[in-house]
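Please read the structure below before turning to the comments.
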Amino acid sequence: MAVKLNIKKGDQVMVVAGNAKGSQGKVLFVDVIKYTALVEGINIVSKHAKPTTDTPQGGITKKEAPIHLSNLMLLDPKSGKPTRVGRKKDKKGNTVRFVKSTGEEIK
């Protein structure tokens with residue numbers, strides 16, 4: 001069974017819970033199995049890396065860590081406010097996401 005998620009890669013989202021509450025960013029990757037997403041510039045963690053042939057120096061690097069989808073809310077493309085998302089069929093019969101408050105489709 002295919003899982004239907006409200007957040008997709010490329011969406012602008014806001015963090016509504018956790019340490020980064022109130023932060024906004026673009027979704028880089030969504031993990032359907034774990035219900036998590038990587039958001040650009042949010043939930044940055046330090047990763048200790050051993051020296052390898054690619055990085056002979058090794059050291060500490062900063063990278064984004066996944067955030068659970070329940071802690072994210074999609075931003076309305078027009079108003080820029082966090083919004084709830086619904087699904088409906090368009091004229092051609094395809095399922096599309098829409099903004100619950102205004103009823104407008106999300107591209």
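No value in this document is a laboratory result; all are computed from the given coordinates. Because the structure is predicted, anything quoted here is derived from the model rather than measured. Methodologically, a virtual Cβ is constructed for each residue, glycine included, from the backbone with ideal geometry; neighbour enumeration extends over all protein chains shown.
Restricted to the stretch 17-61, and to residues there that are hydrophobic (A, V, I, L, M, F, W, C) and in contact with a Gly (Cβ under 8 Å, 6 or more places away or on another chain), the residue that is surrounded by the fewest Cβ atoms within 10 Å (Cβ to Cβ) is Ala49.
Flag: Ile42 does not match the condition of being in contact (Cβ under 8 Å) with a residue 40 or more places away in the chain and either on the phi < 0 side of the Ramachandran plot or out of contact with any helix residue (DSSP H, G or I) (no Cβ under 8 Å at 6 or more places or on another chain) (or both). All of Arg87, Arg97 fail the test of being loosely packed, with under 12 Cβ neighbours inside 10 Å, in contact (Cβ under 8 Å) with a residue 60 or more places away in the chain and either more than 27 Å from Ala2 (Cβ to Cβ) or over 14 Å from the mean Cα position of the chain (by Cα) (or both), apart from Arg87.
Scanning the stretch 40-67 for residues that are among the aliphatic types (A, V, I, L, M) and under 21 Å from Gly25 (Cα atoms) yields Ile42, Ile44, Val45, Ala65, Ile67.
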